[in-house]
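Here's the structure, in structure tokens; my notes come after.
The values are calculated or read from the model by the stated rules, or taken from the named source; none is laboratory data. Not measured: the values here are computed from a predicted model. Backbone-built Cβ (ideal geometry, glycine too); neighbour counts: all protein chains shown.
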Amino acid sequence: MDKIIVVGAGISGLLSALELSEAGYEVSILDQSDFGRESSWAGGGIISPLYPWEYPEAINQLAALSQHYYPTLVKRLYEATDIDPEYRESGMLFLDQDEDGPGYRWAQTQAQLRYQLLDGAALHAAEPGLKTALPHALLFENRAQVRNPRLLKAVIQVLKNKNVKLLSRSSVEQVLVRHNEVRGVKTNQGEILAPHVLICAGAWSGQSGLFEQAKTIYPVQGQMLLYRIAANTLRHVILDQGRYIIPRADGRVLVGSTMEPRGFDKQITQQAFKALNEFACSHFPVLENQLETHWAGLRPATDDHLPVIGPHPSIHGLYINAGHFRNGVVMAPASARLILNIIAKQPTILDPTAFAPRLKKQN
Ligand SMILES: Cc1cc2nc3c(=O)[nH]c(=O)nc-3n(C[C@H](O)[C@H](O)[C@H](O)COP(=O)(O)OP(=O)(O)OC[C@H]3O[C@@H](n4cnc5c(N)ncnc54)[C@H](O)[C@@H]3O)c2cc1C
């Protein structure tokens, strides 16, 4: 049985570990912190790129495959762990799209998408608490969301029940390489040997000692507000001008997000609070003074928005699955399957060339 070390226990690392373990690999997964506490915890859990028509086709292909895998995955996780990841087809309602917009044109080309152009009355019926009066809005009916902390908890539980070694608070300082072959990793707890290492360290993946080829990946901070109101007051994931409102089943409502390259800084700011709170309350006055908490996460960004998935160009046994930027939760199941295909030399679920590790352009 081949040994593999997965570095990073966000959604990318956890689902990769699950795929690899089910394919027969002896998997150890390490995180420098507690499992599932970084970007994957902080995110909104919308199971779609926010404005899919603005993204490269390769992203929509990975997203579409994941959208296909998600219902089975969450059902399986729920049955195995009794933790409900709260996967719900709550739909995506675009307040900034009408019949002349790119969203409506894109929707007409999507065979699997159920969509509707709503007039003002239908919009009011769909979201009675919405204060903003609009002549039109675009609804993607069969788009889903998931509750990130619960999804992560469920995957971690499943891995614990399998023969996977989970090592939290183990920081990988260096991938060990001899004659261009991976030997394992050096951690703050000592060395672990294995012929394969998969880097899933999110925004940290290109750091020195990990997968330096992936210096193209850098952190972009996103802040999020969480409100609590009566359940079912809001019904859909709502998007407007790049911001979104996500109602959870228990009445919690997430509002996001900002996009700021501030290095590895997770400090929240009053400025972001003001902007997001004004956005949310101007659409839904019911949210006023109902704030529960406010946090920031670090998206693993790339300039072209494409994740980096594949083998190291010259070090045998070193792989990466990272850099999913704003779409890491939606793309995670298909990315994990793709990296398994690559490592195990199986036929790939899609053409992997768009995601191959790429060098940062010199300015
Ligand atoms: C505010 C916000 C909203 C978002 N909303 C959505 C959304 O609605 N839908 C969507 O699809 N995506 C969304 N995203 C993006 C998504 O959350 C990320 O793309 C995704 O979580 C990245 O997952 P990951 O596992 O690659 O990274 P992470 O979750 O960041 O995990 C990386 C892990 O690697 C560990 N690590 C780093 N260095 C080391 C080391 N040297 N040794 C050991 N461990 C290490 C870290 O501790 C961390 O746990 C959002 C992100 C943010 C911040």
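The figures follow:
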| read-out | value |
| --- | --- |
| Residue tally, condition among the charged types (D, E, K, R) and outside any loop (DSSP other than H, G, I, E, B), over region 256-281 | 4 |
| Selection count, region 170-219, where residues are of a type outside the set (A, V, I, L, M, F, W, C) and assigned to a strand (DSSP E or B) | 13 |
| Of residues in region 306-330 being part of a loop (DSSP other than H, G, I, E, B) and either among the aliphatic types (A, V, I, L, M) or outside the structural domain of residue 343 (by TED's automatic domain parsing) (or both), the one nearest to the ligand (Cβ to nearest atom) | 306 |
| Count of region 1-53 residues which are within 12 Å of the ligand (Cβ to nearest atom) and without any contact (Cβ under 8 Å) to a residue 40 or more places away in the chain | 1 |
| Subset of region 188-215 (residues that are among the polar types (S, T, N, Q) and either surrounded by 14 or more Cβ atoms within 10 Å (Cβ to Cβ) or in contact with a Leu (Cβ under 7 Å, 6 or more places away or on another chain) (or both)) | 205, 207, 213 |
| Test: residue in region 55-66 that is surrounded by fewer than 20 Cβ atoms within 10 Å (Cβ to Cβ), of a type in the set (A, V, I, L, M, F, W, C) and outside the structural domain of residue 319 (by TED's automatic domain parsing) | no |
